[in-house]
């Protein structure tokens, strides 16, 4: 058991716990630390031929804090010094050690990106959810969200990120990338994510988000006509899936003199009541974790972070549902 410091004793007398502290305590209990550390250790330097390295768990905890609170390398280092809740989550005793510096965190993040650790952690949590029976099978909800990227050219190369592109949504133009998510229709947990440039249409990535045992797919009006695409018609499984897509608003209009029930609108309302689960996941990532604008160049680096964020979103939904 960790020995308490005078600061810990002082903070234990408080009558109110902050929401940050409650969140960190809850997610600390649910994360399978041993599994995640085991995924990283084969690639982590031993420190035998250079200066001693910080522990894998310490660096992983710091990296997670950076993701959850959308902080820079320097920002998360300073935040840990400033916040008692973060320091407690890091399990650092300032009497014997210091917070890892920004450069150490940078090298650790590059190691995770190089070996696709984020995706492996995402799959690890998904396997735990499936073994616990929390992810059902048979239906998926698919959707995509635009993540804006800096459009400025005030950098060393004098140009925008070449992997990001423009797209028009409604009457507004966006520059950045898209994250496509496949969510379990029964439970709302994310089972698949992919990343593309923003100008790639949602319907192009949809087949990659449908599982081998899915019988039905829910989507918004952007996926209308997916069953007519060659890659769907030529696939034995995808051609048998029932595609429950919503109609475009213009299709639901009826004449002013009609007094009967608009059945298409009622059916679309039922579809939307299932499809809304995917919006909740995007809400957590973009509002709870604050990652609505890319901070790295290139889709691969950002996707490593998205794998960690969607993993955390799954764990957060478990916590809110009272599951362990």
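Going by alpha carbons, how many degrees (0 to 90, nearest 10) lie between the helix axis of 117-131 and the longest principal axis of the chain? The two axes meet at around 70 degrees.
Going by the alpha-carbon gyration tensor, a ≥ b ≥ c the square roots of its eigenvalues, is region 88-181 rounded (a/c under 1.5) or, if a/c is not under 1.5, prolate (a/b greater than b/c) versus oblate? The partial results should precede the final answer.
Details: a/c = 2.58, a/b = 1.10, b/c = 2.35.
Verdict is oblate for region 88-181.
Note on region 6-115: Kirkwood radius taken over Cα pairs, Stokes-Einstein applied at 20 °C and 1.002 mPa s, translational D equal to 142 µm² s⁻¹. Every helix of 4 or more DSSP H residues in the chain counts as -39500 (n - 2.57), and over all residues that averages to -13000 deg cm²/dmol at 222 nm.
By the count of other C-beta atoms within 10 Å, a proxy for reagent exposure, 143, 101 are ordered fewest to most as 101, 143. If you run the Gaussian network model on the chain, springs between alpha carbon atoms under 10 Å, then out of 25, 302, 171 the most flexible one is 171.
Relative contact order of region 136-320, please, whole-number percent, based on alpha carbon pairs below 8 angstrom and at least 6 residues apart. Before the final figure, lay out each step's value.
On the way: 288 pairs, mean separation 46.1, N = 185.
Contact order relative to length: 25 percent.
Going by how many other beta carbons lie within 10 Å of each one, how would you line up 90, 62, fewest first? Present the calculation step by step, with values, prior to reporting the outcome.
Details: 90 22, 62 25.
Going from sparsest to densest Cβ surroundings: 90, 62.
Taking the number of other C-beta atoms within 10 Å as the exposure measure, put 212, 93 in order starting with the fewest. Each step should come with its number before you reach the end.
On the way: 212 7, 93 14.
Ordered from fewest to most neighbouring Cβ atoms within 10 Å, 212, 93 come out as 212, 93.
Classify region 136-320 as rounded, prolate or oblate from the Cα gyration tensor: take a ≥ b ≥ c as the square roots of its eigenvalues, call it rounded if a/c is under 1.5, otherwise prolate when a/b beats b/c and oblate if not.
Details: a/c = 1.72, a/b = 1.46, b/c = 1.18.
Cα axes put region 136-320 in the prolate bin.
Within the listed set 188, 158, 133, the Gaussian network model of the chain (springs between alpha-carbon atoms below 10 Å) gives the highest mean-square fluctuation for 158. The angle separating the long axis of helix 56-68 from the principal Cα axis of greatest extent in the chain is about 50 degrees.
Classify region 107-151: rounded, prolate or oblate, from the alpha-carbon gyration tensor (a ≥ b ≥ c, eigenvalue square roots; a/c under 1.5 rounded; otherwise prolate if a/b is larger than b/c)?
Numbers: a/c = 4.25, a/b = 1.32, b/c = 3.21.
The shape class here is oblate.
On a 0 to 90 degree scale, rounded to 10, what angle separates helix 102-114 from the longest Cα axis of the chain? The answer is roughly 40 degrees. If I take every Cα pair under 8 Å that is 6 or more residues apart in the chain, average their sequence separation and divide by the length, what percent do I get for the relative contact order? That works out to 19 percent.
We did not get these values from a lab; they are worked out from the coordinates using the rules stated. What you see is a predicted model, and the numbers here were worked out from it, not measured in a lab. Every residue, glycine among them, receives a Cβ derived from its backbone with ideal geometry; neighbour counts consider all protein chains shown.
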